[in-house]
Amino acid sequence: MSTPPTTEPRIRRRALMRGAAWASPVVAVATAAPAYAKSGAQPRYDLSTSWSSMYSYTWDNYGNCCATQLRYSNMVNNENTAAYGFSVFNRRMVIDGTETTDLSPTVDATATNVTTILYYPLGMVNTSARNYGVTIDSRDAPYWRLTDLRTVTLSDGRRYSAFTFSWRGTATQKTVTATRGQRVPSWATTSLRVHFSPSNRYCPGNSVTWWVAHTGTFTTTNGWSATVTANPQRQVMTPGNW
């Protein structure tokens, strides 16, 4: 098992930039597995993860709306079958382009450059606070680092603070299997929960638009490889608690 890194990456703060007009979901682009080419059967694997965000706000004695809490977690259910944390899971194999009923075999998979990127409205997070207003407080906190913070404009024309969290956990683990309709098991060291220091000058109101993206590559010992691209997915959160 790998040990947590001992050095802090330097945060890169960049000037305002316009992002691409991202609208498509996170996509795993994978190559065929050459080890199975002769038989025509090709195993397939994919990345599974959950994500959710919540906030709260209040009104002061002067009638001003103030944000009081902002949290993110990949250990909260947003899809009934998605893994808490993340994992590489076995998909159904295909033969001559047709999906079979057989799952791909469980093998070792190695994931690299895995990141989670969170986009919150500019001004919602007090980035002038300690650690840029970020506290990672999940059980696997030693395996995650905030490695980039920038301001971007997304396809809705709004400006966001983009926080990039990079995973430095146990890179090679077994692929996992899930029964149809059941949650995919997560890999060890992958849980991410973040508490942000909200700006008390920001009024979120009854809903907040935010975005999330995931990146990374993974390969398996039977020849499968895939790249997950950073296409932000638009989300809407409302006040609440976990």
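The values are calculated or read from the model by the stated rules, or taken from the named source; none is laboratory data. Since the structure is predicted, the reported quantities are computational estimates derived from the model, not experimental observations. Note that we place each Cβ from the backbone using ideal geometry, even for glycine, and neighbour counts take in every protein chain shown.
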Has region 183-196 got any residue that is over 20 Å from Ser52 (Cα atoms), of a type outside the set (S, T, N, Q) and touching a residue at least 24 places away in the same chain (Cβ under 8 Å)?
-> no
So, first residue part of a helix (DSSP H, G or I) in region 117-141, second residue at pLDDT below 95 and of a type in the set (A, V, I, L, M, F, W, C), Cβ within less than 7 Å, six or more apart or across chains; the pairs are Tyr132/Ile11
Out of Val125, Val134, Val176, which single residue is buried (at least 19 other Cβ atoms within 10 Å of the Cβ), of a type in the set (A, V, I, L, M) and closer than 27 Å to Ala111 by Cα?
-> Val134
Select, from Ser104, Ser52, the only residue that is surrounded by 14 or more Cβ atoms within 10 Å (Cβ to Cβ), closer than 28 Å to Ser186 by Cβ, in contact with a Pro (Cβ under 6 Å, 6 or more places away or on another chain) and modelled with pLDDT under 95.
-> Ser104
Give region 51-90 a look and list any residue that's in a loop (DSSP other than H, G, I, E, B), of a type in the set (Ser, Thr, Tyr) and under 13 Å from the mean Cα position of the chain (by Cα), or say none.
-> Tyr84
Residues being out of contact with any helix residue (DSSP H, G or I) (no Cβ under 8 Å at 6 or more places or on another chain) and in a strand (DSSP E or B): count how many of those fall in region 164-190.
-> 7
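Please specify each residue of region 221-234 satisfying the condition of being closer than 25 Å to Arg159 by Cα and assigned to a loop (DSSP other than H, G, I, E, B).
Kept after step one, since they are closer than 25 Å to Arg159 by Cα, are these residues of region 221-234: 228-234.
Correct list: Thr229, Ala230, Asn231, Pro232.
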Name the residues in region 91-116 that are in a strand (DSSP E or B) and touching a Phe, Trp or Tyr at 6+ places or on another chain (Cβ under 7 Å), would you?
-> Arg91, Ala109, Thr110, Ala111, Val114, Thr115, Thr116
With the first residue restricted to region 48-61 and required to be farther than 30 Å from Thr227 by Cβ, and the second required to be β-branched (Val, Ile, Thr), Cβ contacts under 6 Å at 6 or more apart or on different chains are Ser56/Thr68; Tyr57/Thr68; Thr58/Thr68
Of all residues in region 156-172, count the ones that are out of contact with any Phe, Trp or Tyr (no Cβ under 6 Å at 6 or more places or on another chain) and hydroxyl-bearing (Ser, Thr, Tyr).
-> 4
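Mind telling me which of the residues Ser161, Ser166 ends up being touching a residue at least 40 places away in the same chain (Cβ under 8 Å), touching a strand residue (DSSP E or B) at 6+ places or on another chain (Cβ under 8 Å) and over 16 Å from Gly85 (Cα atoms)?
Working: Ser166 fails: over 16 Å from Gly85 (Cα atoms).
The conditions single out Ser161.
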Could you say whether any residue in region 208-220 is assigned to a loop (DSSP other than H, G, I, E, B), under 27 Å from Asn90 (Cα atoms), within 17 Å of the chain's Cα centre (by Cα) and in contact (Cβ under 8 Å) with a residue 12 or more places away in the chain?
-> no
Mind checking which pairs have a first residue in region 80-97 that is free of Cβ contacts under 8 Å to residues at least 60 places away in the same chain and a second that is among the charged types (D, E, K, R) and in a strand (DSSP E or B), Cβ under 6 Å, 6 or more apart or different chains?
-> Arg91/Arg44; Arg91/Asp46; Arg92/Glu99; Met93/Asp102
Would you pick out the residues in region 209-238 that are closer than 16 Å to Arg71 by Cβ, crowded, with 17+ Cβ neighbours inside 10 Å and at pLDDT below 95?
-> Met237
Only residues that are surrounded by fewer than 23 Cβ atoms within 10 Å (Cβ to Cβ) and either of a type in the set (S, T, N, Q) or under 30 Å from Met54 (Cβ atoms) (or both): list them for region 86-101, please.
-> Thr98, Thr100, Thr101
